[in-house]
Amino acid sequence: MNNNKNLWILGPKDKKFSGIGLYSLNLLKGLSDKGYKDDIVYIPFKSRTILRYLYQFIYLPFYLLLFSHRYQNVILYEEAYSFLIPFCDLCRKKSILIFHHVPEGNSGDSVIEKLKYIYMRMILSLTTSAKKIAFPSEFSRAEYLKVFPMGRTTIKNRYIVIPNSFDFPAEIINSNDQVIENEKDTLSFLYVGSEEARKNVNTAVEALTKLDVKPKIKFTKIGKAIVTENRKKLSSILLNSSLDYQLFDFVNKKELEQYLSTCDFFIMPSLHEGFGRTPIEAQHYGKLVISSDIPVLREIMGDSAIYVEQPNLVSSWVNVLQEVVQLDIETLQIYKNKAKKNSARYTIENVTDKFIANVLREEE
């Protein structure tokens with residue numbers, strides 16, 4: 001075990017179970033299981049509050065100036081913390097940045113999203129001075145290198161792909177296999193995530209409203225809206241449809257497991273991701289994921305999911321979903337087996353070993 005502690009700079013506690021938060025949280029669990037006793041700093045205020053931003057932009061820089069010298073490495077949990085790199089590296093390079101995805105502007109973004117995009121583009125150049133950068137996927141690393149090209153040696157030693165890890169439950173409760181066993185009166189579709197423009201949720205849901213199938217369609221969405229305008233649009237689509245639906249900003253862990261266990265299909269309509277945690281979680285439960293056909297989701301799921309080309313179009317989703325609900329029992333079982341096999345690649349133990357060997361371990 002490395003006797004020198006690492007310091008993890010994480011986000012607000014109310015974001016700890018977001019996709020970005022869980023990346024670090026699960027690595028910390030894996031490291032703890034292997035004997036590491038790292039220190040953690042959370043922002044003690046809710047996200048999108050003035051106190052949160054004062055803490056992030058004023059307190060954290062001074063904290064790192066005073067205390068970063070005590071640690072072997074300082075790990076910054078997302079790319080928005082790139083501005084902290086100089087405060088970590090005054091005496092020697094200690095900063096390890098977790099870079100989830102290159103920000104992309106979108107015509108459908110809210111004002112807050114647009115401001116965040118401008119801020120991120122301003123601070124991205126600071127990332128090149130980090131000691132190491134961990135990327136959750138080959139795709140996110142490739143997108144970064146389009147902006148900041150580097151030599152092969154730098155890429156190999158400093159820019160390292162460490163996929164998301166998952167703390168899967170030991171037992172799966174009440175798994176719903178009725179979709180495979182017999183015809184049902186209702187087919188349920190689940191989406192877990194937020195509603196920023198890049199998530200493309202409204203497109204997929206509008207497609208669900210247009211399906212021509214005998215069973216009743218039920219849609220469940222779990223996760224905060226983030227962008228209230230998009231929630232209003234989603235609510236309008238649902239209210240004017242014949243779908244049964246549920247919208248939850250938050251559910252606890254057991255409730256989430258229940259929804260993952262009992263849904264028939266999981267949809268992942270996102271147009272841009274650094275990794276994409278939620279479809280892998282669904283695959284652990286043997287669920288067939290219907291996903292946008294974007295490179296990163298192809299990378300993490302391979303042939304274990306069904307993909308929608310031109311996912312920004314409602315008609316594309318209608319065509320694929322119509323085919324999915326008509327799949328035969330044998331084909332559904334094949335996808336169930338593939339889903340479980342694919343999700344097993346991302347256990348905490350496997351990913352933590354790679355993180356230690358390639359990110360934390362110093363070069364000889």
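The values are calculated or read from the model by the stated rules, or taken from the named source; none is laboratory data. None of these values were measured; they are calculated from a predicted model. Quick reminder, even Gly has a Cβ in these numbers, built from the backbone with ideal geometry, and neighbours come from all protein chains shown.
Quick notes on this structure:
- Test: residue in region 315-322 that is in contact (Cβ under 8 Å) with a residue 24 or more places away in the chain, in a helix (DSSP H, G or I), under 22 Å from Phe135 (Cβ atoms) and out of contact with any Asp or Glu (no Cβ under 6 Å at 6 or more places or on another chain): no
- Among the residues of region 218-242, those identified as modelled with pLDDT of 95 or more, of a type in the set (A, V, I, L, M) and farther than 20 Å from Ile280 by Cα are Leu234, Ile237, Leu238, Leu239.
- Filter pass, Ile20 being assigned to a helix (DSSP H, G or I), of a type in the set (A, V, I, L, M) and touching a His at 6+ places or on another chain (Cβ under 6 Å): yes
- Among residues of region 121-131 being buried (at least 17 other Cβ atoms within 10 Å of the Cβ) and within 21 Å of the chain's Cα centre (by Cα), the one that is farthest from Ile160 (Cα to Cα) is Leu124.
- Lone qualifier among Asn4, Asn26 - being in a helix (DSSP H, G or I) and of a type in the set (S, T, N, Q): Asn26
- The set of residues from region 322-343 being under 23 Å from the mean Cα position of the chain (by Cα) and surrounded by 14 or more Cβ atoms within 10 Å (Cβ to Cβ) comprises Tyr335, Lys336, Lys338, Ala339, Lys340, Asn342, Ser343.
- First in region 18-32 and on the phi < 0 side of the Ramachandran plot and not assigned by TED's automatic domain parsing to the domain that holds Glu281, second anywhere and surrounded by 21 or more Cβ atoms within 10 Å (Cβ to Cβ) and among the acidic types (Asp, Glu), Cβ under 8 Å, 6 or more apart: Ile20/Glu78
- Sole residue being loosely packed, with under 15 Cβ neighbours inside 10 Å and not charged (D, E, K, R), chosen from Gly11, Gly35: Gly35
- Enumeration of residues in region 337-351 that are in a helix (DSSP H, G or I) and touching a Phe, Trp or Tyr at 6+ places or on another chain (Cβ under 9 Å): Ala339, Lys340, Ser343, Ala344, Tyr346, Ile348, Val351
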